[in-house]
1. Is it the case, given these coordinates, that residue 52 is out of contact with any strand residue (DSSP E or B) (no Cβ under 9 Å at 6 or more places or on another chain), surrounded by 14 or more Cβ atoms within 10 Å (Cβ to Cβ), at pLDDT below 90 and farther than 21 Å from residue 83 by Cα?
2. For residues that are without any contact (Cβ under 8 Å) to a residue 60 or more places away in the chain and buried (at least 16 other Cβ atoms within 10 Å of the Cβ), scanning just segment 8-26, find the one that is farthest from residue 70 (Cα to Cα).
3. Has segment 30-46 got at least one residue that is exposed (fewer than 13 other Cβ atoms within 10 Å of the Cβ), out of contact with any Ser or Thr (no Cβ under 7 Å at 6 or more places or on another chain) and of a type in the set (S, T, N, Q)?
4. Regarding segment 38-60, can at least one residue be identified that is part of a helix (DSSP H, G or I), aliphatic (A, V, I, L, M) and touching a residue at least 60 places away in the same chain (Cβ under 8 Å)?
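The values are calculated or read from the model by the stated rules, or taken from the named source; none is laboratory data. What you are looking at is a predicted structure, and each value in this text was computed from that prediction instead of being measured. Neighbour counts are summed over all protein chains in view; Cβ atoms, including those assigned to glycine, are modelled from backbone coordinates with ideal geometry.
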Amino acid sequence: MSAAHTHLIPVEDHARLDQAVERAYTDVFGTEGDADSLRRVFLAEYGRATVMPDGEAAILAARAFVPMTTATLLERARHHYRLR
């Protein structure tokens with residue numbers, strides 16, 4: 001069973017979302033290498049209830065592991081998604 005996720009960004013291009021979320025992780029969590037490592041750890045440890053693109057899973061994982069960053073992470077991901 002999948003939990004409802006009202007905080008996700010509706011997208012048509014999942015590769016573009018993945019890139020936007022990667023950039024948002026850097027904005028929120030620091031340098032590119034550190035943020036990328038953290039995102040990979042979150043993705044590895046986050047129990048996905050369904051098959052979903054990494055960008056969506058990375059947002060849900062951050063919400064699960066560091067919920068206080070969710071609003072900022074989403075705002076930055078939306079910003080980077082719109083830039084492209």
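1. yes
2. Restricting to residues being without any contact (Cβ under 8 Å) to a residue 60 or more places away in the chain and buried (at least 16 other Cβ atoms within 10 Å of the Cβ), the top hit is 18.
3. yes
4. No; the residues of segment 38-60 include none that is part of a helix (DSSP H, G or I), aliphatic (A, V, I, L, M) and touching a residue at least 60 places away in the same chain (Cβ under 8 Å).
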